[in-house]
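Taking it in order: structure first as structure tokens, then the write-up.
The values are calculated or read from the model by the stated rules, or taken from the named source; none is laboratory data. Predicted model only: the values in this text are computed from it and were never measured. Don't worry about glycine lacking a Cβ; one is built from the backbone with ideal geometry, like all the others, and counts go over all protein chains shown. Accessible surface areas use protein heavy atoms only, side chains included; no ligands, DNA or RNA. Shrake-Rupley method; radii C 1.70, N 1.55, O 1.52, S 1.80 Å.
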Amino acid sequence: MASPPPILLPLLLLLLLLLAGAPPLAAASDTSYDDKDAPSSASCRNDFQLVKVKSWVNGSKGKTLNGLSARFGALLPSDAEKGVKLSLVLSNPANCCSNSSTELKGSIALATRGDCDFTAKAEIAQLESAAGLLVINDDDELFEMVCPKNGTAINISIPVIMITKSAGSTLKSMLVDGRVEILLHSPNRPLVDFSVVFLWMMAVGTIVCASLWSDFTAAEQTDERYNELSPKVPTDAGIAKDDSEKEVLDISVTGAVCFVITASIFLVLLYFFMSSWVLWVLIVLFCIGGIEGMHSIILGLISSRKSRNRSQKMVSMPLIGEVSWISVIVLLLCMAFAIFWAVNQEASWAWIGQDILGICMMITVLQIARLPNIKVASVLLCCAFLYDIFWVFLSPLLFKESVMVVVARGDNSGGASIPMLLRVPRVFDPWGGYDMIGFGDILFPGLLVSLLCRFDKDNKRGLLNGYFLWSTVGYGVGLCLTYLGLYLMNGHGQPALLYLVPCTLGLSIVLALTRRELKHLLNYGNEPSSSDDHAEEA
């Protein structure tokens with residue numbers, strides 16, 4: 001595989017630091033919420049549920065809006081066919097804090113937030129014989145409506161739904177056009193969506209491809225290997241470059257610790273200073289890294305199928321020197337692809353381009369950065385293990401909210417998340433959304449799996465008596481456990497490394513102890529391997 005040019009190597013390593021601060025695997029549920037600090041009573045303990053607000057104007061189907069049910073009131077059916085289509089009436093006064101001058105009987109009242117408790121609005125609407133209440137929030141978020149802190153008993157038997165400010169404006173404009181009818185229901189989210197399976201396959205496949213990439217691209221390579229992007233330098237015929245001549249960064253113990261510390265600092269900076277322009281800086285960096293990754297992979301595949309005697313046309317480039325024309329064409333195509341994605345990143349299909357760029361970049365990064373031995377791997381993964389747990393579960397103790405989750409959701413950048421993750425849309429989910437996995441949750445375990453793959457090659461191990469296969473299986477199992485944790489934790493974001501590190505590093509060490517090979521595994525990288533001896537003899 002053609003190695004990346006020296007000018008881009010520092011950039012990819014910087015991106016590797018940034019990727020460590022990517023969000024954890026997060027498929028946080030949008031359909032239920034839980035506020036344990038809110039007042040609770042026998043009549044105020046409903047789970048928060050997302051609600052579909054279907055509308056019709058003068059008999060013609062209108063927009064379907066989203067809302068959030070209150071802690072109190074009647075529950076809604078999950079099936080739309082069991083719901084009832086009712087007229088929508090604007091309360092007067094608009095805040096519904098006193099008796100309405102408009103007829104609310106048998107209708108769904110539409111009121112604005114403010115001036116009195118949510119329960120007071122619901123009680124008045126119920127006294128007016130309304131069949132339900134929609135409360136318009138002050139902004140475009142779904143606020144959780146809870147009971148008063150005074151613990152006053154309430155008896156509300158109608159559904160009470162919070163909708164966003166923009167949704168309220170939409171309904172008001174519909175009322176101007178004529179008679180509006182509303183149907184409320186709260187569809188259930190499927191236990192497993194196909195997107196989870198596809199995301200699992202992408203994550204595991206990325207690690208496997210990165211670990212075996214040299215095998216894929218070396219199948220038909222000539223003995224004379226050279227960098228497609230660097231000036232052509234003659235080499236001795238019949239002598240191949242070994243790993244020591246490639247541009248590879250071996251991570252040290254100190255580097256591993258500094259790596260995680262730097263990622264933590266970067267994550268905190270994103271938490272405090274994230275904005276639209278910072279997001280665009282990250283997008284540009286992601287595009288540059290994705291271009292280099294895609295370019296390197298395509299050239300690697302092309303070079304692996306070159307004929308030994310096939311000559312290549314060269315062109316002269318400023319600052320670089322002579323490069324092959326194939327390299328220039330591939331580079332231009334990769335740049336066009338990345339720019340096209342960046343311009344259209346808000347499109348519904350943009351996740352495809354983001355995933356392609358991300359996978360290419362991660363495969364390339366795993367070729368550049370590597371763990372020299374299992375000792376460094378243990379330090380790095382244990383630090384990453386603590387890093388993920390702290391910034392997801394413990395950071396609320398200092399920042400009053402999960403720093404990792406806030407950055408992942410893009411709360412400080414208008415809801416736009418950083419592009420350092422793979423994402424797949426939920427196909428069969430009525431609420432839509434995406435399942436995601438941060439690059440760090442692929443790169444950290446990927447470094448270990450790549451190390452174990454090299455160990456198996458150097459010691460001529462087969463699949464079953466080696467470590468590569470079992471560490472890959474452990475990674476796949478760890479991802480499954482992460483999704484199980486998401487389900488059991490009611491959709492709250494999970495630190496994936498909490499599950500991935502024990503299932504990869506822990507499994508590998510236990511397997512080495514069982515085989516009585518732990519000493520051999522620990523000493524790997526500090527002594528010449530059989531493949532090195534073979535290369536010297538050749």
| field | Rounded Å value of the spacing that divides the Cα centres of the stretch 176-191 and the stretch 94-131 | value | 19 Å
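For SER211, what is the net charge nearby, where nearby means another residue's Cβ is under 14 Å from its Cβ and Lys, Arg count +1, Asp, Glu -1? Can you show the working numbers first?
Values: positive: ARG370, ARG454, LYS457, ARG461; negative: ASP215, ASP456, ASP458.
Net charge around SER211: +1.
Kindly identify the stretch 130-194 as rounded, prolate or oblate by the Cα gyration tensor criterion: order the square roots of the eigenvalues as a ≥ b ≥ c, call it rounded if a/c is under 1.5, otherwise compare a/b with b/c, prolate if a/b is larger, else oblate. It would help to have the intermediate numbers written out before the result.
On the way: a/c = 1.60, a/b = 1.11, b/c = 1.44.
Because a/c hits 1.5 or more and a/b fails to exceed b/c, the stretch 130-194 counts as oblate.
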| Karplus couplings for the stretch 124-130 from phi (6.51 cos²θ - 1.76 cosθ + 1.60, θ = phi - 60°), rounded to Hz, Gly and Pro as x? | 5, 4, 5, 5, 7, 6, 5
| field | Distance (nanometres) between label positions extended 7 Å along Cα→Cβ at SER166 and PHE273 | value | 2.9 nm
| task | Please list the non-local residues whose amide H lies under 5 Å from the amide H of ASP140, H modeled 1.01 Å from N, same-chain partners needing a gap of 5 or more. | result | LYS165
| query | Listed highest first by mean packing, meaning other Cβ atoms within 10 Å per residue, what order do 506-513, 494-501 come in? | reply | 494-501, 506-513
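Dipole size in debye (nearest 20) for the stretch 32-185 around its Cα centre, Lys and Arg Cβ +1, Asp and Glu Cβ -1?
Numbers: 16 positive and 18 negative charges, 85 e Å.
Once rounded to the nearest 20, the dipole reads 400 debye.
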| message | Residue by residue through the stretch 77-88, what is 3J(HN,Hα) from phi via Karplus (6.51 cos²θ - 1.76 cosθ + 1.60, θ = phi - 60°)? Round to whole Hz and write x for glycine and proline. | response | x, 7, 9, 4, 5, 8, x, 10, 7, 10, 6, 9
| request: Scan around HIS185 for amide H atoms under 5 Å from its own, H built in the peptide plane at 1.01 Å from N, and keep only partners 5 or more places away or cross-chain. | output: LYS52, LYS54
| task | May I ask you to order 90-96, 174-180, 334-340, 291-297 by the average number of other C-beta atoms within 10 Å around their residues, highest value first? | result | 291-297, 90-96, 334-340, 174-180
| What spacing in nm lies between the two simple spin-label points modelled at ARG179 and CYS480, each 7 Å away from Cα in the Cβ direction? | 5.6 nm
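For the stretch 32-185, calculate the relative contact order in percent as a whole number, restricting contacts to Cα pairs under 8 Å that are 6 or more residues apart. Don't skip to the end; give the middle numbers.
On the way: 355 pairs, mean separation 50.2, N = 154.
Value for the stretch 32-185: 33 percent.
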| task | Measure off 7 Å from each Cα along the Cα-to-Cβ vector at VAL253 and SER78, then give the distance between these two points in nanometres to one decimal. | result | 5.3 nm
| query | Going by average Cβ neighbours within 10 Å, how do the peptides 71-84, 196-209, 471-484 rank, with the highest at the top? | reply | 471-484, 196-209, 71-84
| Residue-wise HN-Hα coupling along the stretch 386-398, computed from phi with Karplus coefficients 6.51, -1.76, 1.60 (Hz; x: Gly, Pro) | 5, 4, 5, 5, 5, 6, 9, 9, 9, 4, x, 5, 9
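Could you rank VAL427, VAL406 by how accessible they are, 1.4 Å probe, largest area first? Intermediate results must be reported in sequence, preceding the final value.
Working: VAL427 95, VAL406 5 Å².
Descending accessible area places them as VAL427, VAL406.
Please go through the residue pairs LYS52/LYS149; LYS85/LYS121; LYS61/LYS105; LYS82/LYS172; LYS54/LYS105; LYS82/LYS149 and name each one whose alpha carbons sit more than 31 Å apart in this structure. Numbers along the way, then the final one.
Values: LYS52/LYS149 29 Å; LYS85/LYS121 22 Å; LYS61/LYS105 23 Å; LYS82/LYS172 26 Å; LYS54/LYS105 20 Å; LYS82/LYS149 34 Å.
Result: LYS82/LYS149 exceed 31 Å.
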| note | Here the FRET efficiency for LEU488 versus SER316, based on Cβ atoms and R0 = 45 Å and rounded to 0.05, is 0.15
| Is the stretch 32-185 best put as rounded, prolate or oblate by its Cα gyration tensor, with a ≥ b ≥ c the root eigenvalues, rounded for a/c under 1.5, and otherwise prolate when a/b is larger than b/c, oblate when not? | prolate
| Roughly what % of DSSP beta bridges within the stretch 32-185 run antiparallel, to the nearest 5? | 65 percent
